[in-house]
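Working notes for the structure below.
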Amino acid sequence: MKKVIFIVASLFFIISPCIGQGLNNNYQFDNEDLKNIFELQGIHIFKFPFELKQGEYISLSYCIYENGIETDRCDLIEDFQLETDIQINHHLSRRDTTIFHRIYFMSQGDSILNIRVVEPGICADKKMNIPKALEGGFTASLNIEDKLPYKKDILSFYAVYQDSEKYKKAGGFLNCATGSSPERLIADYDFVLIFFAEKITKERAKSILEEDYYRLKHVTKENADR
């Protein structure tokens, strides 16, 4: 709680001069100013609207790649239910509507990335330690349809490692990744975190944890706990 108060207080003192400057020269601060202020604090905010019909939900997941190899995978809502052995239903849409799904990143020093995912029914916090990362960046995917007709990559964090061949090849720069496909990101950077979104229909939502993919994950987890 103290940490939250400190951040809010810090932002107040940073924003206050912006407000004063805006009043002095008749230019009010806008979303671009706020975005830059947050990023100066190491905070990056992304939000995505998706259309849902009653009983549907959006499954958010991510994959991590290091040196072109997948090292971790997480399906946020489904894994939560598998890990806790509790089936929830408050992530299902109660009516036909458009719902925002939000992903927040906060850098902690040079090597720790804190992530908070907020979606209906669940709020998940993840902490990732990336000690070898020299420089990193974010890119939101282009042409994301609100109706989400198929599973789609929506957001990526990418980084290069110090003294890596990819970093040297880029001439010591972190090249912009805007518009890059997941395959291109995985090939061009040493560390890549990719978020995906997939609409789960009302019919599929009733039995999704019984699918082979999730059954296998559950069995694998049980073996790991023994």
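The values are calculated or read from the model by the stated rules, or taken from the named source; none is laboratory data. No experiment lies behind these values; they were computed from the predicted model shown. Heads up, the Cβs are rebuilt from the backbone with ideal geometry, glycines too, and the neighbour counts pull from every protein chain shown. What goes into the accessible areas is simple: the full protein's heavy atoms, side chains included, and nothing from ligands, DNA or RNA. Shrake-Rupley method; radii C 1.70, N 1.55, O 1.52, S 1.80 Å.
Details
- Accessible area expressed per residue, the chain, with surrounding protein chains retained (probe 1.4 Å, Å²): 61 Å²
- Once each of the chymotrypsin sites (Phe, Trp or Tyr not before Pro) sitting in a DSSP loop with at most 11 other beta-carbon atoms within 10 Å is removed, the chain keeps 28-149 as its longest stretch.
- When the alpha-carbon atoms of the range 19-141 are used, the pair Rg, Dmax equals 18.2, 58 angstrom.
- Under the span-like rule (Cα at least 30 Å along the axis, Kyte-Doolittle mean at least -0.5), DSSP H helices of the chain: 2-25
- Percent of C-alpha pairs per 10 Å bin in the chain, short distances first: 7, 27, 31, 25, 9, 2, 0.
- Distance (nanometres) between label positions extended 7 Å along Cα→Cβ at LYS47 and ASP85: 3.8 nm
- Stretch in the chain that is longest and holds no GluC sites (Glu not before Pro) that DSSP places in a loop and that have at most 14 other beta carbons within 10 Å: 1-144
- Fraction of the pair-distance distribution of the range 51-120 above 16 Å, Cα-Cα pairs, percent: 63 percent
- Equivalent ellipsoid semi-axes - Cα gyration tensor, the range 76-183, angstrom: 32, 19, 11
- Carbon and sulfur %, accessible surface of the chain computed with the full protein complex present, 1.4 Å: 53 percent
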